[in-house]
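Okay, structure first, notes after.
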Amino acid sequence: MAGGHCGAFAAAAAGSGEIVQLNVGGTRFSTSRQTLMWIPDSFFSSLLSGRISTLRDETGAIFIDRDPAAFAPILNFLRTKELDLRGVSINVLRHEAEFYGITPLVRRLLLCEELERSSCGSVLFHGYLPPPGIPSRKINSTTRSSAGSRNGLNSTEGEARGNGAQPALSGTGEETVRLGFPVDPRKVLIVAGHHNWIVAAYAHFAVCYRIKESSGWQQVFTSPYLDWTIERVALNAKVVGGPHGDKDKMVAVASESSIILWSVQDGGSGSEIGVFSLGVPVDALFFIGNQLVATSHTGKVGVWNAVTQHWQVQDVVPITSYDTAGSFLLLGCNNGSIYYIDMQKFPLRMKDNDLLVTELYHDPSNDAITALSVYLTPKTSVSGNWIEIAYGTSSGAVRVIVQHPETVGSGPQLFQTFTVHRSPVTKIMLSEKHLVSVCADNNHVRTWTVTRFRGMISTQPGSTPLASFKILSLEETESHGSYSSGNDIGPFGERDDQQVFIQKVVPITNKLFVRLSSTGKSCSPSSAESVRSRLLTAQQYHRSR
């Protein structure tokens, strides 16, 4: 607190190690050593530990030749972890916080600057969906054996709109097993979209919506109430040759190792296709065509095929990343290999009923493949598809490998290596115009321009990135498994155009920032038209009370 004269107490108090007297630009402040020292590697921790020299005034107070008006809110932040911006320039305060090395405050002020610059002129879509009613909870007195789930036995099909029978994964209805952590049942955990459908996953049920230009969003399906917390969700709104016809949609949810798959008709009625088990925690759940795919970092892949009505679990090497291209599933693994499975030929090895898992490429440094992106160039009459794969590793390397249509038998060849990250690469995206990589250091993003000749990558993007920025967030990871799935930063967007990132700001807000991968800037009105046709991401917010 800016206070009066310190007098003769200054030197004794400073030496006591408890109270510290400061003279900032002629204004005196009194605070505790503990307040100044709680942020490691800051200006004050270096000052009070003797790593940098001190200058004292005539009273013995430590003199700091900086702006006292800007120091007052900084000191208040150190005391309370709260920020009061009344009458203070955010830009000046951030500059001073950077000087003092107050990293948590700098990050918060960067986000405040984003809020200040935002306006409705950059909004691409604004809408509100009221919270749905929580489906009634029906206790199922019958026991579904875990062995039946593992074998992919289908449940009894029936109407599953809102109040369908609850599948108990083990035990009786009175002793249901709750997986995961308690979560507010009215809070949207994950939103996934496909074509003109979205699915919103709450803690214990999922709701499907369909959008029509004439009437807007319509709620068309609500799953039964589940006794466990939903952690993953997948949606297929364009089924071809599905179990009940082409007009069906399919939605699946997972928690721990358990997966439930529903078929949803255009009229809104739904039926349960089956309850399956991967045997290990499900880390990713998605569709490749009509095939529902579940993967686990432990090294298992589960596939449900719409034609054969068969659930199959395959053991592979521990999985650290994946991507899809057409009917292919590509797996990046911790042994440095990239494997692929052709889902169109499922199952290929009929003699032992195994999926045919083939090694496509092996990293020359044997590093784990931590991020993976496949780009199939448009098919031409001259050369056909040109396959390009960008991947990131646990050491921070980014590599691009390519395969000529004429040399399919020889496998992909290494095209370019970038050693620009010092932390493991967590995201990568190769598109027609850009190569985007993200590493674990506070979501540090680097973007390069990709040059092509006749549709094929032809020149090195160069050592100088088009953009380098961080997707900062103050939000701490919550304990329940759906958090990482529902708060993915991206990049999102079609690969023939520019990618975007989604930035979530905390304290709790109803705003998400859409940031261009090429610059790191929020989408402006001039760029709105170019991204309007792309599905970025969706999020619902509603008050819990």
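The values are calculated or read from the model by the stated rules, or taken from the named source; none is laboratory data. What you are looking at is a predicted structure, and each value in this text was computed from that prediction instead of being measured. Here the Cβ is made from the backbone with ideal geometry for all residues, glycine too, and neighbour counts use every protein chain on show. Calculation scope for accessible area: heavy atoms of the full protein, side chains included, ligands and nucleic acids excluded. Shrake-Rupley method; radii C 1.70, N 1.55, O 1.52, S 1.80 Å.
So how many residues does segment 190-208 have that are open to solvent by 10 Å² or more (accessible area, probe 1.4 Å) and either at negative phi or modelled with pLDDT of 90 or more (or both)? First the steps, then the outcome.
Here is the first cut: in segment 190-208, the ones open to solvent by 10 Å² or more (accessible area, probe 1.4 Å) are 191-196, 198, 204.
From what is left, the residues that are either at negative phi or modelled with pLDDT of 90 or more (or both) are 191-194, 196, 198, 204.
Result for segment 190-208: 7.
Contact map, segment 418-438: first residue farther than 18 Å from Asp488 by Cβ and touching a residue at least 40 places away in the same chain (Cβ under 8 Å), second residue open to solvent by 40 Å² or more (accessible area, probe 1.4 Å) and hydroxyl-bearing (Ser, Thr, Tyr), Cβ cut-off under 7 Å, separation 6 or more or different chains; pairs are Lys433/Thr449; His434/Thr449. Cβ-Cβ contacts under 6 Å between residues 6 or more apart (or on different chains), taken from a first residue in segment 245-263 that is closer than 10 Å to Val275 by Cβ to a second residue that is at pLDDT below 90 and open to solvent by 10 Å² or more (accessible area, probe 1.4 Å), are listed as Ser258/Leu169. If you take the residues in segment 422-449 that are in contact with a Phe, Trp or Tyr (Cβ under 9 Å, 6 or more places away or on another chain) and assigned to a loop (DSSP other than H, G, I, E, B), which one is most open to solvent (accessible area, probe 1.4 Å)? In this case the residue turns out to be Glu432. Of the numbered criteria (1) assigned to a loop (DSSP other than H, G, I, E, B); (2) at pLDDT below 60, the one Gly490 fails is (2).
Among the residues of segment 260-282, those identified as buried (at least 21 other Cβ atoms within 10 Å of the Cβ) and in a loop (DSSP other than H, G, I, E, B) are Leu278, Val282.
Among the residues of segment 92-111, just one is in contact with a Lys or Arg (Cβ under 8 Å, 6 or more places away or on another chain) and open to solvent by 70 Å² or more (accessible area, probe 1.4 Å), namely Phe99. For segment 284-296, the criterion of being without any contact (Cβ under 8 Å) to a residue 40 or more places away in the chain, open to solvent by less than 20 Å² (accessible area, probe 1.4 Å) and assigned to a strand (DSSP E or B) is met by at least one residue. Can you pull out the residues in segment 229-241 that are assigned to a loop (DSSP other than H, G, I, E, B), modelled with pLDDT of 85 or more and either surrounded by fewer than 24 Cβ atoms within 10 Å (Cβ to Cβ) or of a type in the set (A, V, I, L, M) (or both)? Answer for segment 229-241, where residues must be assigned to a loop (DSSP other than H, G, I, E, B), modelled with pLDDT of 85 or more and either surrounded by fewer than 24 Cβ atoms within 10 Å (Cβ to Cβ) or of a type in the set (A, V, I, L, M) (or both): Thr229, Ile230, Ala237. The set of residues from segment 4-50 being at pLDDT below 80, open to solvent by 40 Å² or more (accessible area, probe 1.4 Å) and not small (Gly, Ala, Ser) comprises His5, Phe9.
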